[in-house]
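Visitor: Let me give you the structure first, and then I'll get to my questions.
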Amino acid sequence: MKLHTIGYWGAYPNVNEATSCYLVEDNQTKILLDCGSGALSKLQNVIKLEELDAVFISHTHTDHMADIYSLEYAMLILHQLGKRKEPLDVYVYTDNVSDLLFEFPHVMRVHPIHLTESVKIGSLSVTFAETIHEIPCCAMKISDPHGNVLVYSADTGYSKRLIDFADKADTLLIECSFYAEQQGLTKGHLASYEVADIASKAAVKNIILTHFPHYGNINQLKEEVKSKTDQSVYLAKEGLTITI
């Protein structure tokens, strides 16, 4: 199983970059975790859009789903061109899926995410856990047939539930929105030392930091996390691919 970083900024994309979006694939299956602003253009550097098997949206803040509407139009065109026959399945964690204004249900099937259910897409299985955020939001755990596990935190404040959910995962892709000195600034996002604490208690093998602020030195986030843990720490960036 491979993880490709497509977008990694919080709030809005930097020039020629994208907000939250991650491609997970193995030899049989390709799924997208979130589809933020600028993501659709960047994704096509890695795969053809007709290859997507499913999309999972952690919550309905636009930095995590802005490009899902462009993706719907892409699916429409790909159907019209004969490049895709099946509708794309999109799973969204929200109070009311019907509030999402999709126009073409014959090319995009939208499903609510239920925390108690797992979703199997091809060879990959996805389970969920609610996070601490301003609106309903869920973390995701992706498992392949070989027992490899990726956990994506999505947006969250400090949570024991996330520690338990990520227990002994091979890779934890986790938001790191604030520097250590800003810890406690908001309940809905994590600062660097909180990230280190969650990852250490969950005993994950690798940590990938993402959802960065638009100020300061991003490398400082990595150094602050590394100062509190012996685990491997990476910064998400465009083109980063990790085998899990």
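Visitor: Report those strands (runs of 3 or more DSSP E) wholly inside segment 162-244 carrying at least 3 residues which are open to solvent by 20 Å² or more (accessible area, probe 1.4 Å).
Guide: 232-235, 241-243
For every residue, the table says whether it meets (1) within 14 Å of Ala236 (Cα to Cα); (2) at pLDDT 95 or above; (3) more than 10 Å from the chain's Cα centre (by Cα).
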residue	(1), (2), (3)
His4	yes, yes, yes
Gly7	yes, yes, no
Pro13	yes, yes, yes
Glu25	no, yes, yes
Ile31	no, yes, yes
Ser37	no, yes, yes
Leu40	no, yes, yes
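Visitor: Further question on the same structure: Go through segment 71-122 residue by residue and tally those that are in contact with a helix residue (DSSP H, G or I) (Cβ under 6 Å, 6 or more places away or on another chain) and under 18 Å from Met140 (Cα atoms).
Guide: The qualifying residues number 2.
Visitor: Among the residues of segment 94-113, are any under 21 Å from Thr127 (Cα atoms), open to solvent by less than 40 Å² (accessible area, probe 1.4 Å), of a type in the set (A, V, I, L, M) and assigned to a loop (DSSP other than H, G, I, E, B)?
Guide: yes
Visitor: Give all pairs with beta carbons closer than 9 Å in which a residue from segment 205-231 that is closer than 24 Å to Ala39 by Cβ meets a residue that is of a type in the set (Val, Ile, Thr) and open to solvent by 20 Å² or more (accessible area, probe 1.4 Å); count only pairs at least 6 apart in sequence or on separate chains.
Guide: Asn206/Ile242; Asn206/Ile244; Ile208/Ile242; Leu209/Ile218; Phe212/Ile218
Visitor: Any residue at all in segment 73-85 that is within 27 Å of Ile135 (Cα to Cα) and open to solvent by less than 40 Å² (accessible area, probe 1.4 Å)?
Guide: Within segment 73-85 (the criterion being within 27 Å of Ile135 (Cα to Cα) and open to solvent by less than 40 Å² (accessible area, probe 1.4 Å)), the answer is no, since none of the residues qualifies.
Visitor: Moving to a separate point now. Could you check Thr29 against (1) open to solvent by less than 40 Å² (accessible area, probe 1.4 Å); (2) farther than 26 Å from His146 by Cα and say which number it fails?
Guide: That leaves (2) as the condition not met.
The values are calculated or read from the model by the stated rules, or taken from the named source; none is laboratory data. Since the model is a prediction, treat every value here as computed from it, not as a measurement. With ideal geometry, Cβ positions are generated from the backbone for all residues, glycine too; neighbour counts draw on all protein chains shown. Ligands, DNA and RNA are excluded from the accessible area calculation, which covers all protein heavy atoms including side chains. Shrake-Rupley method; radii C 1.70, N 1.55, O 1.52, S 1.80 Å.
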